[in-house]
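Just so you know, all these numbers are worked out from the coordinates, no wet-lab data involved. What you see is a predicted model; the values in this text were computed from it and never measured. For neighbour counting, all protein chains shown are included, and Cβ atoms are generated from backbone atoms with ideal geometry for every residue, glycine included.
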Amino acid sequence: MVNDIEIFGNIEKGKKFINTIEKKNFLFSFVISYTATCEIPGITIAGADSESIKYTPAADAEFLHYGFCKSIKKIPMTPDGKPTPALITKVALESAGIPHVIINAGSKIQPQLPYIQTNLKPGKNISNVSALDNSSVTKAVDYGKIVGRTLGSQTNCLLIGESIPGGTTTALAVMRGFGLNAKVSSSIPKNPVDLKNQVVESASKRFDSDDPFVIISNMGDPMIPFVTGMLNSASEITNVLLCGGTQMAAVLAFGKHIGFNENNTAIGTTCYITNDKTANFIQIVNQLADIPILAVDPKLENSKFEGLRAFSQGFAKEGVGAGGSIIASKLKTGIDSHKLLELIEKEYARVFT
């Protein structure tokens, strides 16, 4: 345990990664995207209702910037009012003065703020059709390399987070496509494992190929190849912390074929992901690459607000780079978990009272 950060996988690499970036400059890149797979009933709760889900990535980006949303009236939340993890990410970044940049890599809704535009199209529902055409996968990787190189040159550690409703399902499909016996987390406390497996099975029947680009085009979403491209180029010139759980494991699965510098790469997430018994996140990452997994406990079970305690009870678990952002905040400023929880509660009260 270093700075309240638990290390899994290569412990020595993890300590070295932490020592290299501690007290240094961080830049948070937030990739918003979309897969129509999220429209399958019961697959996600990343929105107040089925119509709101398409607004979630753009609204997450707006909340990080403004503290409120412009695309929708309220911040993204579950049908019963639990908030987006963007609330946690916003507090963590602001507590350490870490700047952020928004990248639109296939979001269905354009955020109302300055952002990097890639003109990538949203992904299609993989249970019915291929997610992307092959040329779009190549374009996403190439554009990701350009953005990763540009942003990586500006910082000692590039943080990469994402928002893509339904993304754990496409991530599961991609990892299964690469032959991994993956079990993934969910934004829902009762993980809809059977439904996800049905979707993956439908997608896998459409093609028979071990070509990585064909697997992504059939089973994936725009975020995965784009972030893989970012990782490829950025990790050659700086440290990269992939902020997330399941989706970033899928990025690693594709990155194994595209290439990236393992010595400069780590995954940062919450303990809610590493403790998830319905998934095998740590095992999968260890199979894919010799990189450390850094996990932080946000202590949300101690919150006075039920909406925040819900994160420790299986809701969301991760998202919008929350875990990695907390890790970066701790490494830059030394802030303790108690103080950070106070700030998160203050922001929650501002939004909901």
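Distance between the modelled labels on Phe207 and Lys121, one decimal in nanometres: 1.5 nm (7 Å Cα→Cβ projection). With the Cα gyration tensor of segment 5-344 giving a ≥ b ≥ c as the square roots of its eigenvalues, does the rule (a/c under 1.5 for rounded; else a/b larger than b/c for prolate; else oblate) give rounded, prolate or oblate? Rounded is the answer for segment 5-344, as its axis ratio a/c remains below 1.5. Checking every one of the trypsin sites (Lys or Arg not before Pro) in segment 124-232 against DSSP loop status and a limit of 15 other Cβ atoms within 10 Å picks out Lys190, Lys205, Arg206.
For a test of the definition: using alpha carbon positions, the gyration tensor, and the 1.5 limit on a/c, classify segment 179-264 as rounded, prolate or oblate. Judged from the Cα gyration tensor, segment 179-264 comes out oblate (a/c at least 1.5, b/c at or above a/b).
Phi angles of segment 301-316 translate, via the Karplus equation with coefficients 6.51, -1.76, 1.60 and θ = phi - 60°, into HN-Hα couplings of 5, 8, 6, 7, 9, 4, x, 8, 4, 4, 4, 7, 9, x, 6, 6 Hz per residue; Gly and Pro are given as x.
Looking at segment 64-171, the chymotrypsin sites (Phe, Trp or Tyr not before Pro) that sit in a DSSP loop and have at most 15 other Cβ atoms within 10 Å of their own Cβ are Phe68. The trypsin sites (Lys or Arg not before Pro) found in segment 287-353 that occupy coil by DSSP, while having at most 10 further C-beta atoms within 10 Å, are Lys304. Computed 3J(HN,Hα) for segment 12-23, one whole-Hz value per residue from the Karplus formula 6.51 cos²θ - 1.76 cosθ + 1.60 where θ = phi - 60°, is 5, 4, x, 4, 5, 4, 4, 4, 5, 9, 4, 6, glycine and proline marked x. Residue by residue, segment 196-207 carries 3J(HN,Hα) couplings of 4, 5, 4, 5, 4, 5, 4, 5, 5, 6, 7, 8 Hz when phi is fed to the Karplus relation 6.51 cos²θ - 1.76 cosθ + 1.60 (θ = phi - 60°); x denotes Gly or Pro. Annotation: aspartates and glutamates with alpha-carbon distance below 19 angstrom to Lys304 (same-chain offsets under eight excluded): Asp80, Asp336, Glu342, Glu345, Glu347. Here the gap between Val214 and Lys256, fully extended at 0.36 nm per residue and compared with their Cα-Cα distance, gives a gain of 13.6 nm.
In the structure shown, do any of Lys54/Lys74; Lys15/Lys145; Lys90/Lys139 have a Cα-Cα gap over 21 Å, and if so which? Cα-Cα > 21 Å for Lys15/Lys145; Lys90/Lys139; rest within. GNM, the chain, Cα, under 10 Å: largest mean-square fluctuation among Thr35, Thr270, Thr278? Among Thr35, Thr270, Thr278, the largest GNM mean-square fluctuation belongs to Thr278. Over the residues of the chain, the helix contribution to mean residue ellipticity at 222 nm works out to -13500 deg cm²/dmol, using -39500 (n - 2.57) for each DSSP H run of at least 4.
What's the local net charge at Gly177, with K and R +1, D and E -1, over the other residues with C-beta under 13 Å away? That sum, taken over residues with Cβ under 13 Å, equals -1.
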